[in-house]
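Below is one structure, written out as structure tokens, with a few remarks after it.
Derivation of every value follows stated rules applied to the coordinates shown; laboratory data play no part. Here the structure is a predicted model, which means the values were calculated and not measured. We place every Cβ from the backbone using ideal geometry, glycine too, and count neighbours over all the protein chains shown.
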Amino acid sequence: MYESFYSLTEKPFTLLPDPGFLYLSDKHQMALTLLEYGLNDHAGFTVISGEIGAGKTTLIRHMLNQMEHDYTVGLISNTHSSFGELLQWILLAFSVEHRDMSKVEMYQRLVDFIIAEYAQNRRTVLIIDEAQNMDAETLEELRMLSNINADKDQALQVILVGQRELRETLKRPDLIQFAQRITVDYHLEPLSAAETAAYIAHRLQTAGGDPETFTPEACEAIHRYSNGVPRLINLLCDTALVYGYAEQMQRIDERLVTDVAREKQQGGIFPIYAVAGPATGAPATATDTTASTDRAVKAAPAATETPEDSTASTATAIQDAPAETGTPAPERPAQGPVSIELAALTEQHVTDEQPAPQAEKQTRTTGTPVDITAILFRDEQSVQPASEDDEYRWMHGSKKKLRLGICSAEEDSRRYLARLLGSYGFDIIATVPIDPEQLAALDPLTLDVLLVDRDTSHPLPQAAAAVIATWTTPVLYNDSTVTVDSLRRGNPDFGMQLSGRLQSLFDSTGTDTAAIQ
């Protein structure tokens, strides 16, 4: 549709793995180098993992195209929960006859095949894609098959490619023998903002187009919404080119990318990592309505007030309104405290019988008032900017990045939070488990905010709570169940809400962001 308009010879952002479009970022180059090393070094097992859509399959296809002729390669790419008989799949991958054979006969046929290939100076390589679907029992059977050796050489080499769950499975105690045979392993992380821009330009140029079709601001927005995942980058870019063609735009700008993200987000399926806001003319959701009302209440001064008095008067009016009108006061969520003072002195949850500290108003660097009651009580509400322009300046306009420490019991949650909040402009200084020794080793002077991701249904371990009680910088407690839900389901609101709470907590301390060292 848009190829001729943008002078493209083919679609540059197809979702199918295409080695011809492979962009070798530093991460992908390292993964490819390790794959080649594993092959040349006769590694028994090589493991390459990565997030969904990170480009693992494309990398494998590229490696296959570059392999020399003295390799015999079998590829299994359709593993699933009902995987079936492993030997049958391996023999099928190598095109070896196996019908109507017993398991013993199939094993002997595989041994004969591998030895015959070795006798002809050919090395046998088995590649299993989507290997995270294999259970521990199947992986152990695969380890036993790797015992087929010839002299001092590894006659059968195995490359496992899969998502992060594969690494978690391989950490199981009953697979320790398997883990000890892994010579090479590498986890492919998403692209950085700079790599995302280079990735987009590379694919456009490979397809014969102008590498500057997307403006730098558009590339930054694409990275923000995709979190640097190549497959999501492709989907956003392809749709943006369709939109650009419809509007006859020679260059794709940030506004158009944001429109695409909004449309995708409204569908509720596309896992956008940043909130793009409601599309123009679209009906507001309950969340949007609540946030908009909150912003309107904060922004609208009384007719007789001066601008300087409007903020304090509005706060007083909100607090006094229930008593004057007789309207029942809104229920405050009975969830744990966020402030370091409350967290350090008690492990109890805040309830309606425990009144909130007197609300005061502070002002962010953008001038938008912040309601402290939204910070002192942990709820799913976040203090949001008054407009999209304020939102962008709020998240990206600080002179210095906020230095953040992340504390969580789960390794996956720590990695997810670090990657997600890093994409929102935070400087991730350290990630540690909820362990008193590792918490005590952190230097509070190197951090502006400490994020503690914990199960709010249970109190913190006493030793860890005692360490945090001595902390001299703001601490934000976050419900770990919400983090896990976002990690598994891709909640598009989670990143913006958590980033807003962190920024608001820091701003509420009265610290000048420009003074952060």
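Each residue, Q177 and L75, gets one label point 7 Å from its Cα in the Cβ direction; the gap between the two is 3.2 nm. Summing charges over all other residues whose Cβ lies under 15 Å from the Cβ of Y2, with Lys and Arg as +1 and Asp and Glu as -1, gives -2.
Taking the centroid of alpha carbons for each part, region 174-213 and region 414-483 are 29 Å apart.
Against the compact-protein benchmark of 2.2 N^0.38 Å, the Cα-based radius of gyration of region 112-188 scales to 1.16.
Between Q120 and R99, the simple label model (points 7 Å from Cα in the Cβ direction) yields a spacing of 2.3 nm.
Under the combined filter of DSSP loop state and at most 11 neighbouring Cβ atoms within 10 Å, region 73-128 retains these trypsin sites (Lys or Arg not before Pro): R99.
Applying 1/(1 + (r/R0)^6) with R0 = 51 Å to the Cβ-Cβ distance of M30 and T470 gives a FRET efficiency near 0.80. For region 26-188, the alpha-carbon coordinates run over 43, 33, 26 Å along the three principal axes, in decreasing order. Site pair S457 and Y37 shows an inter-label distance of 4.4 nm when each label is modelled 7 Å from Cα along Cα→Cβ.
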